[in-house]
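First comes the structure, then the notes that go with it.
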Amino acid sequence: MNSTVGLCRYSVNLDDGGTYQASKGQRWLWRNWIDFWDSVPKGEVWTVLNGDLVDVNGKHKSSQVISLNETDVMKMTVDVLEPVLDKSDRVFVVRGTAAHTGLSGNIEEKIALDIGAEKCGDNYSWWELLLDCDGVKFYITHHGPLGRLRHTHGNALNRRAVEIEDLFAGRGVPQVTIQSHNHHFSTSSDEYKTKVYALPSWQLKTDFAKRIGIIEQDIVGGVWFNCDGGEYRDNVKRYEMPGQGAWKP
């Protein structure tokens, strides 16, 4: 949130009395965000918000932010999370990168406190989350390796699967490992004890993504899991923005 190419409602009232109107791309994002949460079935829902919830223009200065006022950022974030909070019995907030959310994820900690997220000791947000959901163990972090090219994604995630197996050797390897950060969906192969999911984001390509030459189409979305007695079924929801047609007079 707070990105001019990220999630926001159609209209955002700012602290100084002005109003930010969502772009065409942001309206598309919002419609798909609502569709995603409408698709999550009723029942006991645990939600993990996996890092980089906001962009507060930290390490990497950018013109693609809606407001530099932290109060504005907090308000618009809670507004966007309203469908999440309405659907969820428990919410977990995982910390992302300082470049987006401040040192030590301080903005995410404030948001987690504000929405009453599940605590990690004395804090309300997590650097890493080990979660047991009806017998299915999840290991969730914001960061994780992913090849920059589509045909190299799987190699990085297979390596990650081996690392997780080694990390949890002797104490029960989690069935599912989840990471975000790279804004692409991919999974490891099925031959490992853990299945690694790299998740897409809810943001269109930024100036940075275009500058480093990413030419893939904008695809956003998320994943929800049905867990029952130690078994799980994944449900991947991805939304691809229609490509731009060729200009002609």
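The values are calculated or read from the model by the stated rules, or taken from the named source; none is laboratory data. Keep in mind that what you see is a predicted model, and the values were worked out from it rather than measured. So basically every Cβ, Gly included, is an ideal-geometry build from the backbone, and we count neighbours across all protein chains shown.
Name every residue in region 36-51 that is outside any loop (DSSP other than H, G, I, E, B) and either surrounded by 17 or more Cβ atoms within 10 Å (Cβ to Cβ) or among the charged types (D, E, K, R) (or both), in order of residue number. Before you say what the answer is, go through the steps one by one.
Here is the first cut: in region 36-51, the residues outside any loop (DSSP other than H, G, I, E, B) are 36-39, 46-50.
Result: F36, W37, D38, W46, T47, V48, L49, N50.
Hey, among S180, S189, which residue is modelled with pLDDT under 95 and either within 24 Å of T97 (Cβ to Cβ) or surrounded by 14 or more Cβ atoms within 10 Å (Cβ to Cβ) (or both)? Can you show your working first?
Values: S189 fails: either within 24 Å of T97 (Cβ to Cβ) or surrounded by 14 or more Cβ atoms within 10 Å (Cβ to Cβ) (or both).
Within the list S180, S189, the selection yields S180.
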(message) Out of everything in region 81-110 that is touching a Lys or Arg at 6+ places or on another chain (Cβ under 9 Å) and buried (at least 22 other Cβ atoms within 10 Å of the Cβ), what residue ends up being modelled with the lowest pLDDT?
(response) H100
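For the structure I just gave you, tell me whether I164 is in a helix (DSSP H, G or I), more than 20 Å from C8 (Cβ to Cβ) and touching a strand residue (DSSP E or B) at 6+ places or on another chain (Cβ under 8 Å). It would help to see each step written out before you state the result.
On the way: in a helix (DSSP H, G or I): yes; more than 20 Å from C8 (Cβ to Cβ): yes; touching a strand residue (DSSP E or B) at 6+ places or on another chain (Cβ under 8 Å): yes.
Criteria met by I164.
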(message) Pull out all pairs, ordered by first then second residue, where Cβ-Cβ is under 9 Å, the residues are six or more apart or on different chains, the first lies in region 227-242 and is more than 28 Å from E216 (Cα to Cα), and the second is exposed (fewer than 12 other Cβ atoms within 10 Å of the Cβ).
(response) C227/R233
(request) Identify all residues within region 192-217 that are at pLDDT 75 or above, more than 15 Å from the chain's Cα centre (by Cα) and assigned to a loop (DSSP other than H, G, I, E, B); write none if there are none. (result) Y192, K193, T194, Q217
(request) Looking at (1) surrounded by 19 or more Cβ atoms within 10 Å (Cβ to Cβ); (2) modelled with pLDDT under 95, find the lone condition where R150 falls short. (result) (1)
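Can you name the residue in region 1-22 that is closer than 10 Å to I66 by Cβ, in a loop (DSSP other than H, G, I, E, B) and touching a residue at least 24 places away in the same chain (Cβ under 8 Å) and is also farthest from the chain's Cα centre (by Cα) among such residues?
In the first step, residues of region 1-22 are kept if they are closer than 10 Å to I66 by Cβ; the result is 1-4, 6, 8, 12, 14, 20, 22.
From what is left, the residues that are in a loop (DSSP other than H, G, I, E, B) are 1-2, 4, 8, 14, 22.
Going one step further and asking which of them are touching a residue at least 24 places away in the same chain (Cβ under 8 Å), we end up with 1-2, 4, 8, 14.
Details: M1: 11, N2: 14, T4: 17, C8: 14, L14: 24 Å.
Once the filter is applied, the top-ranked residue is L14.
When region 23-35 is examined, which residues are found to be of a type outside the set (G, A, S) and assigned to a loop (DSSP other than H, G, I, E, B)? So that I can check it myself, show each step before the final result.
Initial filter on region 23-35 (of a type outside the set (G, A, S)): 24, 26-35.
Within region 23-35, no residue meets the criteria.
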